[in-house]
1. For segment 78-188, what is the largest minus smallest coordinate of the Cα atoms on each principal axis, given in angstrom and ordered from greatest to least?
2. So how do 137-143, 187-193 stack up, highest first, on mean other-Cβ count within 10 Å?
3. What does the extension gain come out to for residue 81 and residue 142, with contour length at 0.36 nm per residue minus their alpha carbon separation?
4. Given segment 161-304, what whole percent of its Cα pairs are spread farther than 23 Å?
5. Counting other beta carbons within 10 Å of each residue's own, what order do 157, 119, 304 fall into, fewest first?
6. Any chance you could check the Cα centroid distance between segment 242-265 and segment 88-149 for me, in angstrom?
7. For a quick protection proxy, order the peptides 221-230, 160-169 by their average other-Cβ count within 10 Å, most packed first.
8. What distance in nm lies between label points placed 7 Å from Cα along the C-beta direction at residue 305 and residue 127?
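Each value in this text was obtained by applying a stated rule to the coordinates, not by laboratory testing. The structure presented is a predicted model; accordingly, all values stated were derived computationally and were not measured. Cβ: placed from backbone, ideal geometry, glycine included. Neighbour counts: every protein chain shown.
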């Protein structure tokens, strides 16, 4: 998987944007040097990503959500815990991206569809790279569906995912409660993995990343808070500006990007962004949120004049 933005540039934009935004009491101010750097790198990365995936050189608007106008009534303990768990897994299990820890973690704990469906037996060796061989079967296949949600392929992958989880997860948790939200998060992650496996059931490529589950959170968000205003950084080459749009507009544009990425990826087996996992997680979140939202908590939010 990749950040739920569907492009590597979003995670890079996050790193630059976090450093370049200085929040004041009633406005957001941008430090020019950091802002220009983030914009340039985001533009170049996105152009490279589109060419690598076979996109035509069309211009897609680069957006990055940095906050929403949606206060919470409760402390988002589960959301914060999930963020910490992803960071700890990256540092302690994956060696903060250093080999051999990174390669071994992806091999042993990543989700491999072919292993789950029996096309690849335990103990089989699969090729990860020119000189990298992975022996499948260190853990049960069902367990890797769960473990893969807490692994990442790089720093930018991690940063993009945890940022999206923070922006959208705290409000979804606020309308569900902690236990329900945790269950919802893990279930949508499993749905996302199943969707990716459906289009490539014999794949030997390990899938890692929290983006499937976070896509489910975003699907839940669009059902719960479609009209909440979301603040976006807009990258126009080296220029950066901000706009505020309804959540449904930003999230539907994100879905459009996933379809754009999915089409050239169909019919070929290669590493990269798991677009089908993103779409499957998003749709799963839209459906499951109807069963997991708490009427009591939604009513409490409405009583406090908050979006419900």
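1. Principal-axis extents of segment 78-188 (Cα, largest first): 45, 29, 18 Å.
2. Sorting 137-143, 187-193 by mean packing, highest first, produces 187-193, 137-143.
3. Here the answer is 19.7 nm.
4. Beyond 23 Å sits 38 percent of the P(r) for segment 161-304.
5. Arranged by neighbour count, lowest to highest, 157, 119, 304 become 304, 119, 157.
6. Computed from Cα coordinates, the inter-centre distance equals 30 Å.
7. 160-169, 221-230
8. 6.5
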